[in-house]
Structure formats: C-alpha cells, structure tokens
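Peer 1: If you scroll down you'll find the structure; I have some questions about it.
Read the figures in this text as sums done on the coordinates, not as results from a lab. Just so you know, these numbers come straight off a predicted model, no measurement behind them. Methodologically, a virtual Cβ is constructed for each residue, glycine included, from the backbone with ideal geometry; neighbour enumeration extends over all protein chains shown.
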Amino acid sequence: MKATIAGVLILLAASMTSRSQVKIGFEVSFTEPQAHYAEVQMDLSGLDKDYIDLKMPVWTPGSYLVREFARNIESFKASSDGKALRFEKVRKNTWRIYNNKAGQVRVNYRVYAFEISVRTAFIDESHAFLSSSGIFLYPDGMLNLPSTVQIRPYNGWKSVSTGLEPVPGKAFTYTAANFDILFDSPIEVGNQDIFEFTASGVKHEVAMYGGGNYDKERLKKDMARIVEQATAIYGENPNKHYTFIVHNFQQGGGGLEHLNSTVLGSTRDGYSDEKKYKEFLALVAHEYYHLWNVKRLRPMALGPFDYDNENYTTNLWVAEGFTSYYENKLLLRSGFSSTQQTVQNLADAISVVMNTPGSKVQSAAEASYDAWIKAYRPNENSSNSTISYYNKGEIIGMLMDIEIAKATKGKRNLDDVMNAMYDAYYKKQQRGYTDAEFKAMVEKISGISFSPFWDKYVNGTDEIEYEKYFGYAGVTAKDLYKGNQTPYLGAASKRVEGSVVITKVIRGTAAWDGGLNVNDEVLSVEGLPVEASIDKMYVITSRKPGDLITIMVRRDGLIKTIGLRLKANPNVKIEATIDPAASPEQVAVRKGWLGQ
C-alpha cells in the first residue's frame with residue numbers, strides 16, 4: 001500500500017512539474033475589424049505529450065446560459081517550427097493537436113465577434129470589446145497555469161482597458177495568474193474616453209466607449225460614494241485596482257460583474273436625465289456589490305468553474321437577487337435616494353413579483369437551478385411559469401433583512417449576515433457555501449429559526465406578506481387596486497404587418513380560460529375591428545367583470561369565434577409610506593433595517 005501511494009505521489013509530482021513548465025502566451029490583432037474579426041495566436045512551450053487538447057468555454061461566468069462560443073472560431077491552424085501539425089475536433093469545443101512531443105506549438109485562429117451585449121465579444125472599425133471566455137482557448141487540465149496576453153491595437157486605436165495586470169515595460173501586454181482570472185477579465189480596445197478616481201484606497205478607471213452627455217467630474221464623485229458605502233459593509237476592498245468598461249449606445253443597459261472589473265451598458269444621452277442617471281448609478285451599485293457577493297462570497301457551484309457544462313446552484317436568489325436588493329441600500333446610504341423613495345421602490349418590486357403569475361408556480365430555489373434552461377430562454381409562457389431570481393431574491397433579501405432587525409430589536413441586519421459569510425467562507429475556508437450553511441448563518445445572526453421563512457419564500461411560492469413585514473418597520477403598505485372591479489382580458493397584442501396579433505396570454509384570466517392563443521390574429525371584438533392594442537379597446541374597458549364578450553380570430557388560416565367571460569383585474573399596486581406615528585419598537589427595526 002505504501003509503495004502504491006508513493007508511486008501515485010511520484011506520478012502526480014511529475015505531472016505537476018510537467019505542467020508548471022508549460023508556458024502560454026496569446027497575441028490578439030485585428031486585420032479586419034470592420035468585418036468583426038479578431039486574429040488570435042496562441043503559443044505553447046514546454047509540452048511533452050503526444051497530443052494536447054485545446055478548449056473553448058461554452059459559457060461565461062455571471063451569465064448562466066450555454067452560449068457555445070466555439071461556434072465563432074474559424075481558420076484554426078496548428079504548427080511547430082513552421083511545420084503544420086495534424087489536428088482534429090474531438091468535441092464541439094475541443095481541438096486535439098497531435099504534436100508528437102514537439103515542445104513548442106503555435107495555434108492560430110480567427111474569432112467572429114458581432115453580438116452586442118455585456119457578456120459577448122463585439123468588434124467593428126471603432127473598437128474591440130473582448131469578452132475573454134469567448135476569445136481565448138485553454139489547454140485541457142491546465143486551467144491553473146498563468147498566461148500572457150499581448151494586444152496589437154488596430155491602426156489608430158490607442159488605448160486598452162482591462163482588469164488584467166500589465167507586464168512592466170511591454171506595451172499593451174498583460175498577465176493572468178490562471179485561466180479563471182483571464183476569463184474573468186474583459187478587454188476594451190480602441191479610443192475610449194478614460195478617467196480615474198480613487199475610493200476606499202483603490203484606483204478606479206472608467207473607460208467610456210460610444211460618447212455621451214456624461215459629466216466626468218460628477219461621475220467621479222458619485223461613483224466614489226457608492227464604492228465607499230459598499231466597502232463599508234465588508235470593512236475591506238479586495239482590489240488593488242478596478243476597471244469600469246461602459247458601453248454607451250443609443251439604447252443600452254445591463255451589466256456583468258468580474259473579479260476586479262465590470263462591463264456596463266448605458267444610454268449615451270441619458271446622463272442628463274435624472275431618472276436615467278439614477279438608474280445608471282443603481283447599475284454601478286449592483287455590479288460593484290458583486291465584488292463581494294458572487295465574485296468572492298459565492299454558492300458552492302460557482303467556482304472552481306466547469307467551463308464545459310452548466311454549473312448548477314439553487315442560490316442565485318442570494319447571488320443575484322440580494323445584489324439587486326443592495327442596489328437600494330447603497331443608493332440610500334450614498335444619498336441618492338431618500339428613505340421614503342427606498343421603501344416605495346421596494347414596494348414596487350413586490351408588486352412586480354406578485355403580478356407575475358409564475359411566482360405562484362416556481363420557487364426562488366427552482367428559478368436559480370433552472371436559470372440555464374429558462375431564465376435566458378424566455379418564451380411566450382415564461383411569465384406564467386417562471387419567476388426571476390433577481391426579482392424574487394430582491395424581495396427575499398428585504399424580508400430577511402427586516403426579520404433579522406425585528407428579532408434583534410434593530411441591533412443586527414442582513415449586512416451582518418453577508419459580512420460573516422464573507423469572513424467564514426471566502427476568507428477563512430476559501431470555498432463556496434451551501435444553502436444550508438447560508439441558512440445557518442442567518443439563524444446564528446438573528447437568533448431565531450428561519451425554517452418557516454425558507455419553506456415559504458425560498459423553497460415555496462407563498463404570497464408575500466408585505467403588510468406584516470413593512471409593519472414591523474413602521475411602514476404602512478396598502479394595495480391601491482384592492483377591491484378594483486376593472487374588467488380584465490388578460491391578453492397582450494401588437495401590430496404585425498397591419499394585423500393585430502396576440503403576444504401573451506396571462507394565466508388565470510378570461511383570455512386564458514377562454515382559449516385565446518398567442519399568435520392568434522384578432523379580427524374583431526364584439527363585431528368591432530381591432531386597430532390597436534386589444535386590451536385597451538373601449539368595448540372591453542367599458543364592461544364589467546362577468547360580462548361575456550366574443551372575439552373573432554384567425555388561427556392557422558381558419559376563422560374562429562371565441563367567447564370570453566371577463567374577470568376583475570388581479571394585479572396589485574402597493575403604496576408604502578413611512579408612518580410618522582410608528583412606535584419606538586418599529587422605529588428601532590426600521591433603523592436596524594435601513595439605518596435611518
């Protein structure tokens with residue numbers, strides 16, 4: 001037995017030594033950016049096997065969908081000392097190169113990049129955005145190896161922005177300690193407008209692409225305030241430097257978090273609109289809070305990553321939903337929102353969840369697990385069968401925060417849970433957490449059992465008890481639509497080539513019960529032609545619940561007459577107001593919850 005173990009250890013040591021001798025370098029250039037291509041050269045040295053498998057990730061961390069990045073690779077070639085090497089594709093994202101123990105291998109390939117989003121690469125004549133997991137190959141079994149990346153900007157491009165560490169003395173050359181870091185470091189190349197600010201002792205670079213009516217001095221101050229408040233929750237900022245890559249388009253939005261950077265989408269002329277400006281700051285707050293929640297404090301499944309397959313977790317309601325919730329707290333603490341505005345924003349978020357029929361079908365835990373097959377592949381029935389783990393998780397975070405503050409008489413809140421989890425699992429144990437471990441920490445901080453809470457809101461689909469929870473904190477909440485007898489059809493429509501076509505049928509409504517279908521072409525309602533949105537027709541809005549109406553549709557070329565009995569509008573609209581007559585106990589809970 002001892003001899004066997006010794007033999008295994010020798011083999012492992014030999015394998016580790018062999019891998020440590022492998023050197024990897026990339027060079028990225030752009031000969032045809034107007035056609036949306038990057039040319040990638042990958043050099044490997046120190047190889048001692050008969051073949052090597054090179055792989056392309058099928059997904060990018062932070063966006064839970066298999067995107068098949070390998071589909072964008074073409075013109076793959078391999079050589080050694082200038083001589084072509086035989087290779088074959090052995091899997092959808094894997095190229096096997098037969099190097100016959102040749103110590104050095106050069107691989108060249110082109111990547112087509114023409115998908116505008118914060119998670120996918122895009123190249124044109126004005127700039128290149130390299131979402132690294134869709135650009136760089138990695139050697140199978142060698143994710144832990146370091147690599148260098150040299151960017152050769154196209155003619156006239158002068159700047160590179162990335163969270164990667166620069167190599168001293170080498171222009172536009174960077175190093176990554178391993179492939180997890182490389183894949184977590186997007187790269188912006190072009191003539192982006194760059195400005196900097198320092199907050200929490202960390203230098204922050206902001207790289208603005210696409211122009212816009214932003215005020216740099218204002219952004220420096222306002223973004224710094226958010227950074228300071230986020231850092232205060234955890235008592236430390238884990239970065240030496242941080243990069244914001246901001247893509248300003250005619251209409252833009254969304255963000256994707258990275259280890260020491262983020263990519264944000266924004267509307268280039270929206271910065272002068274106060275509402276849109278606050279929305280941008282909320283996006284900054286969301287992605288920056290991810291520095292701790294997800295990038296370091298993470299569910300067990302989210303690292304080390306499997307880049308070949310889905311990485312399943314039931315805890316995206318914490319990873320993403322709580323981050324959405326903390327947008328509210330960070331804007332409040334930074335002075336961009338009042339307490340009244342904050343509670344109303346949260347009340348609006350509750351309304352969104354309650355008005356989504358899928359919230360009664362899919363739990364937050366199920367929504368997290370099924371993100372890979374449902375969240376990023378919505379269809380016409382998604383709102384009836386699913387709930388966003390962002391939206392539901394935001395509400396769970398709020399309810400949990402209030403529950404903790406109530407249980408501790410305002411002395412503790414969700415900040416304490418997140419801080420303790422960060423310390424226990426990221427810093428000390430250096431691993432992800434399980435759902436049971438997160439629940440145990442909530443119970444430790446609050447001093448009460450959260451099993452009923454988990455059954456209702458995490459694993460269940462119970463109605464949100466918003467009046468009760470707001471009441472704990474001295475906030476009066478009411479449904480402005482309660483008792484409303486407005487007739488409701490439950491179908492949405494749009495004009496398509498001169499026709500009005502059904503685009504959505506909502507569960508439990510007259511349209512659902514009566515059999516109206518998505519893609520039905522609506523010809524008439526009660527004999528009247530349809531010219532615009534069907535649900536706003538006076539022949540419907542002037543009726544009352546219980547009335548029978550007839551709708552004529554064309555379905556698959558056949559004319560059908562459908563009878564529908566109208567129902568009352570089931571939606572809610574929650575209004576939340578700070579109660580000036582709140583008791584000292586309620587005020588203590590509110591201060592513990594929101595800090596004011």
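Peer 1: Thinking of segment 193-316 as a set of Cα atoms, what percent of all their pairs are more than 17 Å apart?
Peer 2: Percentage above 17 Å: 58.
Peer 1: Can you list the HN-Hα couplings for segment 35-45, worked out from phi with the Karplus curve (6.51, -1.76, 1.60; θ = phi - 60°), rounded to whole Hz and with x for Gly and Pro?
Peer 2: Calculated HN-Hα couplings, in order: 9, 6, 10, 10, 9, 10, 10, 10, 10, 10, 9 Hz.
Peer 1: Rounded if a/c is under 1.5, else prolate if a/b is larger than b/c, else oblate: which is segment 240-300, with a ≥ b ≥ c the root eigenvalues of its Cα gyration tensor?
Peer 2: Taking the square roots of the gyration eigenvalues as a ≥ b ≥ c, segment 240-300 is prolate.
Peer 1: Which shape class applies to segment 292-482: rounded if a/c is under 1.5, otherwise prolate when a/b exceeds b/c and oblate if not, where a ≥ b ≥ c are the square roots of the Cα gyration tensor eigenvalues?
Peer 2: Here segment 292-482 falls in the oblate category.
Peer 1: Any chance you could check the Cα centroid distance between segment 317-339 and segment 508-574 for me, in angstrom?
Peer 2: 40 Å
Peer 1: Rg and Dmax of segment 487-568 over Cα atoms: what are they, in angstrom?
Peer 2: Both quantities, over Cα of segment 487-568: 11.2, 33 Å.
Peer 1: What number comes out for the charge environment of LYS494, summing +1 per Lys or Arg and -1 per Asp or Glu over other residues with Cβ under 15 Å away?
Peer 2: Computed value for this residue: -3.
Peer 1: Still on this model: Please report the antiparallel percentage of DSSP beta bridges with both residues in the chain, rounded to the nearest 5.
Peer 2: Counting only bridges with both partners in the chain, antiparallel ones make up about 80 percent.
Peer 1: Report the rotationally averaged projected area of segment 94-244 based on its alpha-carbon convex hull, in square nanometres.
Peer 2: 11.7 nm²
Peer 1: Moving on. Would you kindly calculate the translational diffusion coefficient of segment 17-191, applying Stokes-Einstein with the Kirkwood radius from alpha carbon pairs, for 20 °C and a viscosity of 1.002 mPa s, and quote it in µm² s⁻¹ without decimals?
Peer 2: Rounded to a whole number, D works out at 131 µm²/s.
Peer 1: Counting other Cβ atoms within 10 Å of each Cβ, which GluC sites (Glu not before Pro) in segment 524-580 have at most 10 and sit in a DSSP loop?
Peer 2: Here the GluC sites (Glu not before Pro) that fit, given the DSSP loop and packing criteria, are GLU531.
Peer 1: Another one. Which value in deg cm²/dmol, rounded to the nearest 500, describes the helix-derived mean residue ellipticity at 222 nm for the chain, given -39,500 (n - 2.57) per DSSP H run of n ≥ 4 and division by the residue count?
Peer 2: That comes out to -8000 deg cm²/dmol.
Peer 1: So what's segment 375-519 giving for Rg/Rh, alpha carbon basis, Kirkwood Rh from the mean inverse pair distance?
Peer 2: Result for segment 375-519 is an Rg/Rh of 1.11.
Peer 1: On to the next question. Between segment 382-427 and segment 444-465, what's the alpha-carbon centroid distance in Å?
Peer 2: That distance is 11 Å.
Peer 1: Quick one: helix 435-446 against the long Cα principal axis of the chain, what's the angle to the nearest 10°, folded into 0 to 90?
Peer 2: For helix 435-446, the angle is close to 60 degrees.
Peer 1: In whole Å and largest first, what semi-axes does the C-alpha gyration tensor of segment 440-485 yield when each eigenvalue is scaled by 5 and square-rooted?
Peer 2: Result for segment 440-485: semi-axes of 27, 15, 5 Å.
Peer 1: Among LEU297, LEU331, LEU523, what is the fewest-to-most ranking by other Cβ atoms within 10 Å?
Peer 2: LEU523, LEU331, LEU297
Peer 1: Also, I was wondering about something else. Once the Cα atoms of helix 274-289 and of the chain are each reduced to a long axis, what angle between those two axes, in degrees from 0 to 90 to the nearest 10, is obtained?
Peer 2: 50 degrees
Peer 1: Sorted from largest down, give the three principal axis spans of the alpha carbons of segment 363-457, whole angstrom values.
Peer 2: Over segment 363-457, Cα extents along the principal axes are 45, 31, 19 Å.
Peer 1: Have a look at TYR376, GLN21, THR175 and report the one farthest towards the positive end of the charge dipole of the chain, computed about the Cα centre with Cβ charges (Lys/Arg +1, Asp/Glu -1).
Peer 2: Highest projection toward the positive end goes to GLN21.
Peer 1: Between GLY253, TYR271, SER200, whose Cα lies farthest towards the positive end of the dipole of the chain when Lys and Arg beta carbons carry +1 and Asp and Glu beta carbons carry -1, centred on the Cα centre?
Peer 2: SER200
Peer 1: Round to the nearest 10 and give me the degree value, 0 to 90, for the angle of helix 584-594's Cα axis relative to the longest principal axis of the chain.
Peer 2: The angle comes out at about 40 degrees.
Peer 1: Also, I was wondering about something else. For the chain, what relative contact order do you get, as a whole percent, if you take Cα pairs closer than 8 Å and at least 6 residues apart?
Peer 2: Normalised by residue count, the contact order of the chain is 10 percent.
Peer 1: Could you state the orientation-averaged shadow area of the convex hull built on the Cα atoms of the chain, in nm² to one decimal?
Peer 2: 33.4 nm²
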